[in-house]
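Engineer: My structure is below; once you've seen it, I'll send some questions.
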Amino acid sequence: MKSIGEVAAQFGLPTHVLRHWEAEGLLKPARAGDRRRYNNADLYRVAAILISKEAGLGLADIRTMLAARSAPARHEVMAGHRERLLARIARAQAALDMLEGGLECPHDDIMTCPHFQGLLADRLQPPSMTGSDGRNTDRAVELAYGNHEDAPDELDIVGRPDPDRVKSDIDQQDAAATRRGPARRTQAGKRR
């Protein structure tokens, strides 16, 4: 069994993140008096939460996935996120291909390089709903988000939702806490 500090250190997290995840129903560590004690199953849950957040899942979807009582219920949550993650990976791969192509380009003006232009050709085409290779699926990603409550507010340069710019719930809380600074106590000892 590990303490909250040991678990936080193992994963490189502040302890308040683990407390927040507990409050959100993602973690249920055992208690030894008023101390949290994490077992191996809890460590696997933390790892699953971190990877899920990196994949773009919100806390509500992670909770649903981890709490699913049946494989079909879990698969339903995971399937939609899998498709969005594949589209993000494809866009990231296209960006990496463009950067690598630019590094290989001997032209002084990169925009005149036929090889570099070839790397950009997919973006010149209208968005496709069926790009099995992941390219040109931006419209599919936009439709997948629709007006869903998890749709990101951040937009890419042409006004489409950009999942790569979505800040996680924890990132937003960390930023807010940093701006506020530590809670101060009034003379009566209450936080303000």
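Engineer: So, in nm, how far is label Leu124 from label Asn40 when the simple model puts each one 7 Å beyond its Cα toward the Cβ?
Structural biologist: Between Leu124 and Asn40, the label points sit 5.7 nm apart.
Engineer: Ok, one more. What is the Cα centroid distance between region 58-79 and region 97-117, reported in whole angstrom?
Structural biologist: If you average the Cα positions of each part, the centres end up 43 Å apart.
Engineer: Continuing with the same structure: For region 1-100, what does the alpha-carbon gyration tensor say about shape, rounded, prolate or oblate, given a ≥ b ≥ c as the root eigenvalues, a/c under 1.5 as rounded, and a/b over b/c as prolate?
Structural biologist: It is oblate, given that a/c is not under 1.5 and a/b is not larger than b/c.
Engineer: Work out how much length Leu86 to Ile51 would gain on full extension: take 0.36 nm times their residue separation and subtract the Cα-Cα distance, in nm to one decimal.
Structural biologist: 11.1 nm
Engineer: For region 14-69, which whole-number percentage of the solvent-accessible area (1.4 Å probe, protein heavy atoms only) is attributable to carbon and sulfur atoms?
Structural biologist: Carbon with sulfur: 50 percent of the solvent-accessible area.
Engineer: Is the shape of region 23-76 rounded, prolate or oblate, going by the alpha carbon gyration tensor and its root eigenvalues a ≥ b ≥ c, with a/c under 1.5 for rounded and a/b larger than b/c for prolate?
Structural biologist: prolate
Engineer: Something else: Test of understanding: what is the full-extension gain from Arg69 to Thr112, defined as 0.36 nm times their sequence separation minus their Cα-Cα distance?
Structural biologist: 9.8 nm
Engineer: Provide the per residue accessible area, probe 1.4 Å, for region 1-75, rounded to a whole number of square angstrom.
Structural biologist: 56 Å²
The values are calculated or read from the model by the stated rules, or taken from the named source; none is laboratory data. Just so it is clear, the structure is predicted and the values come from calculations on it, not from any experiment. So basically every Cβ, Gly included, is an ideal-geometry build from the backbone, and we count neighbours across all protein chains shown. The accessibility values were calculated without ligands, DNA or RNA, using every heavy atom of the protein model including side chains. Shrake-Rupley method; radii C 1.70, N 1.55, O 1.52, S 1.80 Å.
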